[in-house]
Amino acid sequence: MKPLPIKIIAGATVVKPNGETGRETVIIEGSRIRELTTEPPAGMLLSHEDVEVINADGHFLSCGLIDQHINGALLCDFNQTSLSDLQQVLRLLPRYGVTGILPTVITAPVMDMMTAIGTMEEAIHHRKSGHCRVLGLHIEGPFIQPEYRGTHPAAEIPGTINLTDLETLISPNTRLISLAPEKDPDGAAITRLVKKGIRVCAGHSNATVEEMHRAIGFGLCGVTHLFNAMRPFHHREPGIIGVTLAHKELYAELICDGVHVHPEALKATLNAKGADRLILVSDAMQLAGAEEGATVAFAGTRVTLGDGRALNAEGKLAGAAQLLDRCIRNLVGWKVVDFPTAIRMATQSPAEFLDLKEYGRIAPGAMADLVLWDEERLEVQATWVGGQQVYDRRKTVNTAPA
């Protein structure tokens, strides 16, 4: 059997699990990380014929970013995309350091949601080498609270959770469902989902403390885009926000685009929970990566990108328009966290939440989904997916096959 090719990334400051860093050499064998070493790999250079050495002095090396909540990007709406358009986005996302996503399907007519889910499943089964991975699906809606629907169309939100309708939206690779827990008072929906191995998050919700406690008892384990589209915090009825901050076992998504959550609120959340249960998400819609002034149809309304904000005709936020690499630079620039901690929130935290044991860390045996960052500007310089280099900033084009 022909030995697997070896890649050696030398001289980088490696961001390891739990935010630790060290100047080490990462050795990749085939699609996985073989080892980390501080010793020059001279013996390997002599004993293997197919060895590539990458000099990464002056760079951070992290594992690939995982975005568990992304509605679209680069003018592609995941609710209405074709397989070819979706694959084009998956080809380009690694240039932003994103190597794994849970494409999010939001509230729409049930048949439209089923069609979109089918497209996502098809992308998983027909994955192209070097493309960003579809690690599962996130279904956000339609079982949400109309009062906090955001851009979700009110006409498609049912009054109660019908378990038959819920089952029609579950596909083989569904990993996460966001719903309003107050719509599931007896826990029938949450219990059924948890038994299937699906993570359940509270989102677009008016749940009280009591309703949140009850849902946690049924198996609810996270909160969708904390602070956004939910009952505000009040000291007499803290609601979802209060429960999330008080219960460290709950995971919580955060949108760090400078629009959805103020940096001081982010700092307070970090102080209350720590980084290990906080998940950085983009919640991006199709205007992420588009030119300023671009206008698209999203969730039944016209949305325009202006000053980094996706705004509908009423001037209200209609989703986010920044991808994870920009969100990481925001967190560091605002001095909310340091770079290794921001990386943890976009890699290890979602991988642990979603039980993706082969991803989200630089360690022997893990998949070699890696990102090289400039240490000064924190811009993505190169990306590898499964040990294959698919982006090199110096070439200014994505090198993955179309």
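The values are calculated or read from the model by the stated rules, or taken from the named source; none is laboratory data. Predicted model, so just to flag it, every value in this text is computed and none were measured. Virtual Cβ from ideal backbone geometry, glycine too; neighbours counted across all protein chains shown. Note: accessible area is taken over every heavy atom of the protein model, side chains too, but ligands, DNA and RNA are not part of it. Shrake-Rupley method; radii C 1.70, N 1.55, O 1.52, S 1.80 Å.
If you go through segment 89-103 and keep only what is in a helix (DSSP H, G or I) and either touching a residue at least 60 places away in the same chain (Cβ under 8 Å) or of a type in the set (Lys, Arg) (or both), you end up with Arg91, Leu92, Leu93, Pro94, Arg95, Tyr96. Scanning segment 354-393 for residues that are aromatic (Phe, Trp, Tyr) and crowded, with 24+ Cβ neighbours inside 10 Å, we see that the one that is nearest to Leu331 (Cα to Cα) is Trp373. Candidates are the residues of segment 199-229 that are open to solvent by 10 Å² or more (accessible area, probe 1.4 Å) and among the aliphatic types (A, V, I, L, M); the one that is modelled with the lowest pLDDT is Ala229.
When segment 135-174 is filtered for residues that are open to solvent by 10 Å² or more (accessible area, probe 1.4 Å), modelled with pLDDT under 95 and within 30 Å of Gly64 (Cβ to Cβ), the ones remaining, listed by number, are Gly150, Thr151. Among residues belonging to segment 299-329 that are within 16 Å of the chain's Cα centre (by Cα) and not in a loop (DSSP other than H, G, I, E, B), point out the one that is modelled with the lowest pLDDT. Of everything passing the filter in segment 299-329, Ala320 is modelled with the lowest pLDDT. Evaluate the following for Ala363: is it in contact (Cβ under 8 Å) with a residue 40 or more places away in the chain, part of a helix (DSSP H, G or I) and aliphatic (A, V, I, L, M)? No.
Does any residue of segment 175-183 turn out to be surrounded by fewer than 18 Cβ atoms within 10 Å (Cβ to Cβ) and touching a residue at least 40 places away in the same chain (Cβ under 8 Å)? No, segment 175-183 contains no residue that is surrounded by fewer than 18 Cβ atoms within 10 Å (Cβ to Cβ) and touching a residue at least 40 places away in the same chain (Cβ under 8 Å). Going through (1) of a type in the set (Val, Ile, Thr); (2) buried (at least 22 other Cβ atoms within 10 Å of the Cβ); (3) outside any loop (DSSP other than H, G, I, E, B) one by one, Val296 falls short only on (2).
Listed here are the residues, each with its yes/no results for (1) surrounded by fewer than 20 Cβ atoms within 10 Å (Cβ to Cβ); (2) in a strand (DSSP E or B); (3) among the basic types (Lys, Arg).
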{"site": "Val14", "(1), (2), (3)": "no, yes, no"}
{"site": "Asn18", "(1), (2), (3)": "yes, no, no"}
{"site": "Gly22", "(1), (2), (3)": "yes, yes, no"}
{"site": "Glu39", "(1), (2), (3)": "yes, no, no"}
{"site": "Leu61", "(1), (2), (3)": "no, yes, no"}
{"site": "Thr81", "(1), (2), (3)": "no, no, no"}
{"site": "Ser84", "(1), (2), (3)": "yes, no, no"}
{"site": "Met113", "(1), (2), (3)": "no, no, no"}
{"site": "Ala116", "(1), (2), (3)": "no, no, no"}
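With respect to Leu93, determine if the residue is surrounded by 24 or more Cβ atoms within 10 Å (Cβ to Cβ), in contact with a helix residue (DSSP H, G or I) (Cβ under 7 Å, 6 or more places away or on another chain) and at pLDDT 95 or above. So Leu93 does not fit the description; no. State which residue is nearest to Arg309 (Cα to Cα) when the search covers only segment 232-278 and only residues that are hydroxyl-bearing (Ser, Thr, Tyr) and touching a residue at least 40 places away in the same chain (Cβ under 8 Å). Among those that are hydroxyl-bearing (Ser, Thr, Tyr) and touching a residue at least 40 places away in the same chain (Cβ under 8 Å), it is Thr269. Taken as a whole, the structure leaves Lys357 outside the set of residues that are farther than 30 Å from Gln389 by Cα, part of a loop (DSSP other than H, G, I, E, B) and of a type in the set (Lys, Arg).
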